[in-house]
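Right, one structure below, let's go through it.
The values are calculated or read from the model by the stated rules, or taken from the named source; none is laboratory data. What you see is a predicted model; the values in this text were computed from it and never measured. Cβ coordinates were reconstructed from backbone atoms using ideal geometry, including for glycine residues, and neighbour counts include every protein chain displayed. The area values use the complete protein model at the heavy-atom level, side chains included, leaving out ligands, DNA and RNA. Shrake-Rupley method; radii C 1.70, N 1.55, O 1.52, S 1.80 Å.
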Amino acid sequence: MKELTIISGKGGTGKTSITAAFASLAKSKVMADCDVDAADLHLILKPEIKYREKFYGGRIAYINKDQCTECDKCREVCQFDAISEDYIVDPISCEGCSVCVHFCPVNAIDFTEHLNGEWFISETRFGPLVHAKLGVAEENSGKLVSLVRQQAKLLAEEKKLDFVIIDGAPGVGCPVISSITGADAVLVVTEPTLSGFHDLKRVVQLSYGHFHIPTFVCVNKYDLNIDISDKIEKFCQIENIDFVGKIIYDKIVTQAMVQGKSIIEFSDGAVAKDITNIWKNMGFN
Amino acid sequence: MTNIMINKSLKIAIASGKGGTGKTTIAVNLAKSLGENVQLLDCDVEEPNSHIFLHPVISQVEDVNVSIPDVDLSKCTFCGKCQEICQFNAIVVIKNNVLVFPELCHSCAGCWLVCPENCIAQKERVVGVTEEGGNSDVKFVDGRLDIGEVMSPPIIRAVKDRTANSMIVIIDAPPGTSCPVIEAVRGSDFVILVTEPTPFGLHDLVLAVEVVRALGISFGVVINRSDIGDNKVREYCDSENIQILLEIPNDRKIAEAYSRGKIIIDIYPEYRKRFLDLYEKIESMVTV
């Protein structure tokens, strides 16, 4: 069983559309959506939820007013300015560190389990999907990502499937790191813009330079700027990263999305061919 | 240079939920259109891009530090209290040793406050930088999270600590709906949510609206590539009474210019007025 994570550095380069296309192309797999704070893969995969579980990612402090003596110790020790002058904890600012709870001299602070979100195992027309919804303005997206990955892996092992295909998050921080550490391969989807190229370099430095994960790169909408697209390809050669293909810019991708279909289901045109080649070039067939 | 009356120096954050909808485009075009007395803070510290379009001269680069524990083993009794209070598994006591995992540490101060032997000091650890500078018109700050670091909020806070007084401040926020976005938009007078009229754009806009509402900040929507996809973003905004502040059509020339680091008002100077109108509209919506 192999785990492939699709990331991008820069947002909006086409990760999810390409992941959905892979859902059409890969035969034996579990899909996982690890972009838990703005998960979109389900809009194409249209999952039927079979199992759901609440996600408690951490705890937060709660001050019992009737026990509080307003000694101010909690405000003194809190490093996150999470406690107001009238001793109310702001759940958005609370980091869940328990320091105020520990130092309250009258034990007036509860440390309660905090509901951060929910995760799901679903059936789709492409096979199983593990996905999640992080509550709005919540923390711990990294923990939720790890959980989704772990569940997807268990499912793949249990059903003896070949792949776990993971839709990752933009950026290079917490959720991205959680979605790639220990993966067998990473595919970076970039675009031929100065921003896309800049962000690609950072994310490759993370996946390949820092974590030494085999990293593939593809360029979406390559014909928007062929010059930069070529530069990206050269960069990959120099850095010894597998450049696995480029995808032509076509409005059909948006049309497929509006219809709730993967581009492979929707059309057999140039975009579908380009993505099929990328899938083949990664050598997973 | 500006030909509108700026009545208020607002702090405007530009956010989106979904990535790649055009946050940076709106941020830099708005900043350049206003032209003076403007500061742009790029708070997308994982992948900062505003500098590509603004070409600022960076005059100051500073490390961003976080505090982590530094254990003096000669005084340590290995009582385990530090491990007990740490909620992030960042400090572990094993027999006659104490292991610190710096990447996991949230700098909550629990371990050094709780240590009965006072043998834990704080030590600074670099997690990224802020870069400050500008060009003839726009003042500029951005932050950069070091590669391999997990937590961006300390960098975002460091960027925002450089907020200029009595200037219009434009904040380019990261995508998503979790802690980094909250850190970036918190304290703003207004949030512009940039979206595109597609199912993904709408889905993530709805989440972003929930975030901004939870924070209690007034907001409006800019629809980028407004003629692709479908009409559901507009229908949603209508039903929720959310004002659509500006629509920018899909234009290959804009996309190609963007790819080369050029902004809309470079190729279509007439757009400058539309961005100034955008600012005026926001001014009228904010009661400071």
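Values for this structure:
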quantity: Region B:106-251: antiparallel DSSP beta bridges as a percent of all, rounded to 5; calculated: 40 percent
quantity: Interface B:A - total buried accessible surface [probe 1.4 Å, Å², rounded to 100]; calculated: 4700 Å²
quantity: Where the Cα pairs of region A:90-217 fall when distances are cut into 5 Å bins, in %; calculated: 2, 9, 15, 16, 15, 14, 12, 8, 5, 3, 1, 0
quantity: Isotropic mean projected area of the C-alpha convex hull, region B:65-126 (nm²); calculated: 3.6 nm²
quantity: Cα-derived Rg over Rh, computed across region A:1-143 with Rh taken as Kirkwood radius; calculated: 1.15
quantity: Label-point gap, in nm, between A:Lys2 and B:Asp277 - each point 7 angstrom along Cα→Cβ; calculated: 5.3 nm
quantity: Accessible surface of A:Phe80 - all protein chains present, 1.4 Å probe, nearest 10 Å²; calculated: 40 Å²
quantity: A:Ile18 accessible area, assembled protein chains, probe 1.4 Å, Å²; calculated: 10 Å²
quantity: Heavy-atom accessible area, 1.4 Å probe, ligands and nucleic acids excluded: residues of region A:96-129 down by at least 40 Å² from chain alone; calculated: A:Cys97, A:Val99, A:His102, A:Phe103
quantity: A:Lys280 accessible area, 1.4 Å probe, all protein chains in place, Å² to nearest 10; calculated: 110 Å²
quantity: GNM flexibility winner over chain A from A:Val258, A:Val189, A:Val271 (Cα, springs under 10 Å); calculated: A:Val258
quantity: Expected 222 nm ellipticity per residue - DSSP helices of 4 or more, -39500 (n - 2.57), all of the protein assembly as shown, to 500; calculated: -9500 deg cm²/dmol
quantity: Chain A, accessible area per residue, ligands and nucleic acids excluded (1.4 Å, Å²); calculated: 41 Å²
quantity: Percent carbon-and-sulfur accessible area, the protein assembly as shown, ignoring ligands, DNA and RNA, probe 1.4 Å; calculated: 48 percent
quantity: Options B:Val92, B:Pro102, B:Cys115, ranked by Cα towards positive dipole end of chain B, top entry (Cβ charges); calculated: B:Cys115
quantity: Mean accessible surface per residue for region B:121-161, computed with a 1.4 Å probe while every protein chain stays in place, in Å²; calculated: 37 Å²
quantity: Of the DSSP H helices in chain B, those whose Cα atoms cover at least 18 Å axially and whose Kyte score averages 1.0 or more; calculated: B:199-215
quantity: Separation in nanometres of the label points that stand 7 Å from Cα toward Cβ, at B:Glu256 and A:Ile226; calculated: 1.2 nm
quantity: Percentage relative contact order, chain A, counting C-alpha pairs under 8 Å, at least six apart; calculated: 27 percent
quantity: Positive-end extreme of charge dipole, chain A - chosen from A:Ala26, A:Ala61, A:Ile228 (charges on Cβ); calculated: A:Ala26
quantity: Accessible surface, 1.4 Å probe, highest first, among residues A:Met1, A:Met31, B:Met151; calculated: A:Met1, B:Met151, A:Met31
quantity: Candidates A:Val130, A:Val172, A:Val89, ranked by Gaussian network fluctuation over chain A, Cα under 10 Å, top entry; calculated: A:Val89
